[in-house]
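Okay, so here's the structure we're looking at.
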Amino acid sequence: LPQTRTLPLSSWLAGSLLNGEPETVPARPPALRLPDEPIAIVGLGCRYPGGVHDRASFWRLVNEEIDAITEVPRERWDVDALYDPNPEATGKTMSRWGGFLTDLEYFDPGFFGIAPREAEKMDPQQRLLLETSWEALEDAGIRPELLADSDTGVFVGLMYQEYSLQAGGLQALDGYVTTGSAGSVASGRISYLLGLKGPSLTVDTACSSSLVTVHLACQALRQGECAMALAGGVTVMLTPTPFVEFSRLRALSASGRCRSFSAAADGTVWDEGCGILVLKRLSNARRDRDPILAIIRGSAVNQDGRSNGLTAPSGAAQQALITRALANAAVAPAEVGYVECHGTGTALGDPIEAQALDAALRPGRPPAQPVWIGSVKSNFGHTQAAAGVAGIIKALLALEHGRIPRSLHAESLNPHVP
């Protein structure tokens, strides 16, 4: 993966210390607190398995019910040598399957003003974030090169930092390995490239990372910390570590499919991807005549606290979170018609999530008005740090087309789901 062969992207433009007494230091003006208002999604960029590279190809995948899961590509690792259906086998994976991006070695460093030597040391996740952020801005009708010195924020979710492990030891350190792999640089490089002066941070809250970045971006927009924001996440798996580790936990699907809310659910399937949203306050988006793809009225973040295990979900915490998000959005439970779920296809997690939704969304709901649920993981697996933003994109497209795409592999529904 260190190569940097050029792949044209047709949608792109060619394109001190302070001296003196403390009282002499000028006070920083307080951030402008703006009225709470909805946040508009005005553009997006995405890369997911199955040839997904924009809104149209994402919709084709879910609308045509395409299953994008494949065997582990040979260029990643030797899956034949690592595969063992016995989850107790040490150093082995019980799954041969996943959702993988292709052409990761294709990157045009000259387009971004990056020297080839530096580009070789850049984690492919950084490359994807640069490309996808640029495409998201173009999707919004915004010329990226005109954003220099703007108070635009960047909020990026990222979990894996494996690329530096392939650098080749201390002798390979040349000044670019650290910046090419550091989590902080994943967001900072976008801000640096475009000259953005708003908040810039990388978030790791595991599989909720990209949803948390969107929540933080919405908060920053409402608090006046930035006028526009890029938010999302990225995941690329360069080693089989997550496969081996979660095989021992018996959390991977032996059949290689995320059977979300199915009675046959047998575990999750790991996946790669990248998704970036362009966000503005609704009033600003209308003022600027931006394309408004969808609206975020409210959000919330919490933690499970102590449950029956570090990796086990808490239904009570999920119910509390959903209730808080509805209150922040000023939306009544009975008004919710569809939920794009986490839905990893595990025997434990799916019923807990569905029961929390039932408890939070049933009050005031007429019996003949059900809540529809689904998960894009059934199409291409669990994209980890980029999973939440994938769900947002699917929900956005369902609103745009007036149709909820069918979730796959759930012919026999889980009897524990209300």
Enumeration of residues in the stretch 202-226 that are open to solvent by 40 Å² or more (accessible area, probe 1.4 Å) and over 25 Å from L310 (Cβ atoms): Q219, Q223, E225
Report the residue count in the stretch 366-387 for those that are surrounded by fewer than 16 Cβ atoms within 10 Å (Cβ to Cβ) and not in a strand (DSSP E or B). 5
Taking A167 as the residue in question, decide whether it is buried (at least 22 other Cβ atoms within 10 Å of the Cβ) and either modelled with pLDDT of 95 or more or more than 21 Å from T344 (Cβ to Cβ) (or both). no
Looking for whichever is out of contact with any Lys or Arg (no Cβ under 9 Å at 6 or more places or on another chain) and either open to solvent by less than 10 Å² (accessible area, probe 1.4 Å) or at pLDDT below 95 (or both) here; the options are A182, A229. Which one fits? A182
Where residues in the stretch 272-310 are over 30 Å from G51 (Cα atoms) and among the acidic types (D, E), which of them is modelled with the highest pLDDT? D288
Going by what's in this entry, would A360 be described as part of a helix (DSSP H, G or I), modelled with pLDDT of 95 or more and within 22 Å of the chain's Cα centre (by Cα)? no
Residues of the stretch 248-301 that turn out to be of a type in the set (A, V, I, L, M) and surrounded by fewer than 17 Cβ atoms within 10 Å (Cβ to Cβ), as a count: 8
Those residues of the stretch 347-358 which are surrounded by 18 or more Cβ atoms within 10 Å (Cβ to Cβ) and small (G, A, S) amount to G349, A354, A356
T344 fails exactly one of (1) modelled with pLDDT of 95 or more; (2) of a type in the set (S, T, Y); (3) open to solvent by less than 40 Å² (accessible area, probe 1.4 Å), namely (1)
Any residue that is in contact with a Cys (Cβ under 7 Å, 6 or more places away or on another chain), assigned to a strand (DSSP E or B) and β-branched (V, I, T) - is there at least one of those in the stretch 184-207? no
Those residues of the stretch 53-96 that are open to solvent by less than 20 Å² (accessible area, probe 1.4 Å) and outside any loop (DSSP other than H, G, I, E, B) come to a total of 6
For D149, state whether it is surrounded by fewer than 24 Cβ atoms within 10 Å (Cβ to Cβ) and either under 20 Å from the mean Cα position of the chain (by Cα) or modelled with pLDDT of 95 or more (or both). yes
When every residue in the stretch 234-251 that is in a helix (DSSP H, G or I) and of a type in the set (S, T, Y) is compared, the one nearest to the chain's Cα centre (by Cα) is T241
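The values are calculated or read from the model by the stated rules, or taken from the named source; none is laboratory data. What you see is a predicted model; the values in this text were computed from it and never measured. A quick note on method: Cβ atoms are made from the backbone with ideal geometry, for glycine too, and the neighbour counts reach across all protein chains shown. When the accessible area is computed, the model is the full protein with side chains, heavy atoms only, and any ligands, DNA or RNA have been set aside. Shrake-Rupley method; radii C 1.70, N 1.55, O 1.52, S 1.80 Å.
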